[in-house]
Amino acid sequence: MGCFTCTGASGTEPTDKNTRNKPNKEKPTAAESRPDSEKEKSDPSGKVKQPELKEEVPKDKQVYLDTNELELKDIYKDGKPVGKQAQTFTFDELTAATGNFRSDCFLGEGGFGKVYKGHLEKMNQVVAIKQLDRNGLQGTKEFVVEVAMLSLVDHPNLVKLIGFCAERDQRLLVYEYMPLGSLETHLHDLPRNRKALDWNSRMKIAAGAARGLEYLHNKMKPPIIYRDLKCSNILLGEGYHPKLSDFGLAKVGPSGDQTHVSTRVMGTYGYCAPDYAMTGQLTFKSDIYSFGVVLLELISGRKAYDPLKERKEQYLVAWARPLFRDRKKFSLMVDPMLQGQYPVRGLYQALAIAAMCVQEQPNMRPAISDVVTALNYLSSQNYEPSVHSSGSSRISSPRATTKETGGRVSTSSE
Ligand SMILES: Nc1ncnc2c1ncn2[C@@H]1O[C@H](COP(=O)(O)OP(=O)(O)OP(=O)(O)O)[C@@H](O)[C@H]1O
Ligand SMILES: [Mg+2]
């Protein structure tokens, strides 16, 4: 095993378990509820070919199932091979990659398990390895099928799933490594030596994350409802290039017990749409709500849920709603870390998009494609602090108007 220094830039602190989800398989995801016909494999002339599965193996024997027998080959769509096939790794390979899951390779821990930085000898690639908690794991076949599906997802704003290990009772996922870690660590509780994100980076991150979500909602077949969009799941590459991580993980992760079911339904505090919390019914519009919360975090620098704040301000959306109604208060919503370096028009537009996304009524929230259009425009308007005076001093002369039409966002400059 080669010596490998695991000095990742991402947060190394374990996540706060109180504000994290635990997985729950009770509520169907979009992928879960898709018709059986879509799940079926097809040949090169047909749709997506799923891995060939051998006959049912009793649960107690599944631990010995060799994933090589699952014939993870030849995934075709419209007669052409699509994406790269998920690679399988042995547990020994991943142990070697992480120096036996050494503590200095530890990147953090979420609701599904621990994440380590590793170096894969055979590919000479630095990766992030997520070791799923072994509690309540699904069988090998189901895991492999879902992972094979997820590894087909290929978009510049989605973290690439490189492969997996399903050996005995071990379940590990191997992802591309994102060197700047999560957005959360660039927005909240910054260490002294870390610079606050500037306005342009924030808007570029928002636009990129929206494009990733648009791909999951509109381009994936079957569509994927993300269900756990939050700052810690937006990972950053060089130049703060954002990618969404952990989509589809609810399907492959451990199912958890009854207690975890309810916490999972509630989602992560502060990000969960009220309609989803009340009915447990997951829709694309629940993702839009969570996206709106992330956008508000980017604008305000506040956390989605902050138990250290006074009661009225603990939930970001509850704090923001009354302020949305009064233009004079818009400047109060801007992250003080920006030190007034933001475009007033851009702020109005960004707040308008966020306000639309976090509306109580799901049908009033915009579709992701409209959010992408608005944010692509906003992020293309490069703000140069040197040629603008302090944003906060210009707040009384807004030029941007926002229109609301049946849940559609439209920003225009007049
Ligand atoms: N591909 C990756 N590259 C770099 N760091 C990663 C990668 N994936 C996860 N991490 C880091 O590992 C830590 C834990 O991530 P993880 O996804 O397990 O938890 P989470 O996002 O906080 O919660 P959840 O389980 O709900 O997604 C985070 O700090 C994250 O930044
Ligand atoms: Mg995550």
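A few notes on this one:
- The range 164-206, residues that are among the β-branched types (Val, Ile, Thr) and within 15 Å of ligand 2 (Cβ to nearest atom): 174, 185
- Selection status of residue 329, at pLDDT 90 or above and assigned to a loop (DSSP other than H, G, I, E, B): no
- Subset of the range 151-166 [within 15 Å of ligand 1 (Cβ to nearest atom) and either within 16 Å of residue 128 (Cα to Cα) or among the small types (Gly, Ala, Ser) (or both)]: 151, 158, 159, 160, 161, 162, 163, 164
- Some residue of the range 214-224 being over 13 Å from residue 298 (Cβ atoms), within 16 Å of ligand 2 (Cβ to nearest atom) and touching an Asp or Glu at 6+ places or on another chain (Cβ under 9 Å): yes
- Candidate set: the range 89-133, residues that are closer than 14 Å to residue 163 by Cα and among the aromatic types (Phe, Trp, Tyr); chosen: the one farthest from ligand 1 (Cβ to nearest atom): 91
- Evaluating residue 163 against the criteria (1) closer than 17 Å to residue 149 by Cα; (2) in contact with a Leu (Cβ under 7 Å, 6 or more places away or on another chain) leaves one unmet condition, (2).
- Test for residue 112: is it farther than 17 Å from residue 249 by Cβ, within 16 Å of ligand 2 (Cβ to nearest atom) and not hydroxyl-bearing (Ser, Thr, Tyr): no
- Matching option when the condition is under 21 Å from residue 268 (Cα atoms) and under 16 Å from the mean Cα position of the chain (by Cα), among 132, 158, 173: 158
- Qualifying positions in the range 115-163 - assigned to a strand (DSSP E or B), within 16 Å of ligand 2 (Cβ to nearest atom) and over 26 Å from residue 208 (Cα atoms): 131, 132
- If the condition is being acidic (Asp, Glu) and within 16 Å of residue 115 (Cβ to Cβ), then the range 228-247 contributes 228, 246.
- Counting only residues that are under 13 Å from residue 298 (Cβ atoms) and surrounded by 22 or more Cβ atoms within 10 Å (Cβ to Cβ), the range 230-242 holds 5 of them.
- Test: residue in the range 313-323 that is among the charged types (D, E, K, R) and either surrounded by fewer than 17 Cβ atoms within 10 Å (Cβ to Cβ) or outside the structural domain of residue 196 (by TED's automatic domain parsing) (or both): yes
- The set of residues from the range 214-234 being at pLDDT 90 or above and out of contact with any helix residue (DSSP H, G or I) (no Cβ under 7 Å at 6 or more places or on another chain) comprises 215, 216, 219, 233.
- With respect to the conditions (1) away from ligand 2 (no atom under 15 Å from the Cβ); (2) touching a strand residue (DSSP E or B) at 6+ places or on another chain (Cβ under 6 Å); (3) closer than 15 Å to residue 155 by Cβ, residue 209 lacks only one, and its number is (1).
- Hey, residue 293 over 27 Å from residue 385 (Cα atoms), assigned to a helix (DSSP H, G or I) and among the β-branched types (Val, Ile, Thr) or not: no
- Tabulated pairs, the range 295-322, first in contact (Cβ under 8 Å) with a residue 40 or more places away in the chain and under 18 Å from residue 183 (Cβ atoms), second charged (D, E, K, R) and in a helix (DSSP H, G or I), C-beta under 7 angstrom, 6+ apart or interchain: 298/202; 303/297; 304/297; 316/297
- Enumeration of residues in the range 147-159 that are at pLDDT below 95, surrounded by fewer than 21 Cβ atoms within 10 Å (Cβ to Cβ) and not hydrophobic (A, V, I, L, M, F, W, C): 154
- Condition check for residue 195: touching a residue at least 24 places away in the same chain (Cβ under 8 Å) and either crowded, with 24+ Cβ neighbours inside 10 Å or more than 13 Å from ligand 1 (Cβ to nearest atom) (or both): no
- Scanning the range 168-181 for any residue that is within 30 Å of residue 344 (Cα to Cα), outside any strand (DSSP E or B) and at pLDDT 95 or above turns up at least one such residue.
- Taken as a whole, the condition of being under 20 Å from residue 294 (Cα atoms), near ligand 1 (Cβ under 9 Å from one of its atoms), among the hydrophobic types (A, V, I, L, M, F, W, C) and at pLDDT 95 or above does not apply to residue 249.
The values are calculated or read from the model by the stated rules, or taken from the named source; none is laboratory data. Please read all numbers here as calculations on a predicted model, not as lab measurements. When we count neighbours, we look across all protein chains shown, and the Cβ atoms used for this are built from the backbone with ideal geometry, even at glycine.
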